[in-house]
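First comes the structure, then the notes that go with it.
The values are calculated or read from the model by the stated rules, or taken from the named source; none is laboratory data. Just so it is clear, the model here is predicted, and its values are computed rather than measured. No Cβ is skipped: glycine too gets one built from the backbone with ideal geometry, and neighbour counts run over all protein chains shown. These area figures cover heavy atoms from the full protein model, side chains too; ligands, DNA and RNA do not enter into them. Shrake-Rupley method; radii C 1.70, N 1.55, O 1.52, S 1.80 Å.
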Amino acid sequence: MPKKTDSLAILFVDIAKSSQIYETLGNKKAQSLISTCLALLSGVTVQHNGAVIKTIGDELMCTFPNANDAVNAAIAMNQTLDQMPVNDKSQTYHLNIYVGLQYGQVIKDGNDVFGDAVNVASRMVKLAKQRQILTTEETAMKLNSELKSCTKCFDKVVIKGKKGKVYIYECVWEEDDITIMVDSPMDTINVQAHLELKFQDNLIQVDPSQPTVSIGRQSHNELVVQGENVSRSHAQVEYRRGKFFVIDKSTNGTYIFVEGKKALHLKREEAPLDNKGIIGVGKKVNSRSPEAIHFCIKH
């Protein structure tokens, strides 16, 4: 039979840190947990007009008729896993996923698909961090206006088979009330400034090479802060065109204290950071508080 071609959105979803889950829980319990997770993800795929092509270990490959359905499914997948019951209070076994997708022409061969879109989607999932949904500029431009407003360009990479560098876009599904404009590629940004975040014994630098640092209670965050007032994905500090911003995504809000200025309390909002000060995650802090995150912008 001749092979058919079609335009589809290809989505790969991979369970994060599966080898660690096996090591911690043992083969039997881990396999049961991962099988439950894959079944939930498969159900979400079908609910959003998609089809599961195959399971590859702890990864699913799915197809969707368009990019909008694929992104909505990816968001729903993350939300569904957030609703899974967690027996361990420290949330050691809370499952997260990596998601990569691409819309384009594919070759259908029986129940399988091949082609450039498959290769690119596979590369996207390998680049994704936990809870992150990645795609290319080409696919992001095919999204409806609502989903497009929640995408941002944050990197560019070389992909085998593609000429030049490909701009990578993130679908920011946890920033409920924040609109981020899709604009300039990374090489147009002023690279002179960087910001240092210091929390207890941790020191992280925010700059064009690491333009986003997430803060929260769960282990997928770059800066993990424990506390009853801290959300799983509480906030993030972001670098944009030479400036730094705090973006709150939490229930209890984020506090910013800068010497000589009025303290800010953000709830589902963002604010620029200036000079140096401290950040309180979910509650007010002072410079001596062990829960305080100290920041300093350096030029």
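Just a few scattered comments:
- Of all stretches in the chain that contain no GluC sites (Glu not before Pro) in a DSSP loop with at most 10 other Cβ atoms within 10 Å, the longest one is 1-227.
- Taking every C-alpha pair closer than 8 Å and separated by at least 6 residues, the mean separation divided by the residue count of the chain gives a relative contact order of 12 percent.
- Taking amide H as placed 1.01 Å from N in the peptide plane, the amide H of residue 234 sits under 5 Å from that of 215, 216, 217, each at least 5 places away or on another chain.
- Given 261/283; 126/148; 165/276; 162/249, the pairs whose alpha carbons are separated by over 29 Å: 165/276; 162/249
- Under a model in which nothing but the beta-carbon of Lys, Arg (+1) and Asp, Glu (-1) is charged, the chain shows a dipole of about 300 debye around its Cα centre.
- In the context of the full protein assembly, residue 225 retains an accessible surface of approximately 10 Å², using a probe radius of 1.4 Å and ignoring ligands and nucleic acids.
- Residue-wise HN-Hα coupling along the stretch 10-15, computed from phi with Karplus coefficients 6.51, -1.76, 1.60 (Hz; x: Gly, Pro): 9, 10, 10, 10, 10, 6
- Applying the Karplus relation 6.51 cos²θ - 1.76 cosθ + 1.60 with θ = phi - 60° to the stretch 285-299 yields 3J(HN,Hα) values of 9, 10, 5, 9, 5, x, 8, 6, 9, 8, 10, 8, 8, 10, 10 Hz, where x marks Gly and Pro.
- The long axis of helix 27-47 is offset from the longest Cα principal axis of the chain by roughly 80 degrees.
- The accessible surface of the stretch 252-294, taken with every protein chain in place and a 1.4 Å probe, is 47 percent carbon and sulfur.
- Positive contributions from Lys and Arg (+1) and negative ones from Asp and Glu (-1), summed over other residues with Cβ under 13 Å from the Cβ of residue 227, come out at +2.
- Positive minus negative residues near residue 157 (Lys, Arg vs Asp, Glu; Cβ under 12 Å): +4
- Between helix 116-127 and the chain: long-axis angle, C-alpha atoms, 0 to 90°, nearest 10: 30 degrees
- Counting charges near residue 205 (Lys, Arg +1; Asp, Glu -1) among other residues having Cβ under 11 Å from its Cβ returns a value of -1.
- For the chain, the longest principal axis of the C-alpha atoms and the axis of helix 67-82 are separated by about 60°.
- Extension gain, residue 241 back to residue 157 (0.36 nm per residue minus Cα-Cα distance, nm): 28.3 nm
- Karplus (6.51, -1.76, 1.60) ³J(HN,Hα), θ = phi - 60°, over the stretch 146-161, in Hz, Gly and Pro reported as x: 5, 6, 4, 5, 9, 10, 8, 8, 9, 6, 9, 9, 8, 10, 3, x
- Annotation for residue 35 and residue 111: the two label points, set 7 Å from Cα along the Cα-Cβ direction, are 1.8 nm apart.
- Sum of -39500 (n - 2.57) over DSSP H runs of 4+, divided by residues of the chain (222 nm, nearest 500): -6500 deg cm²/dmol
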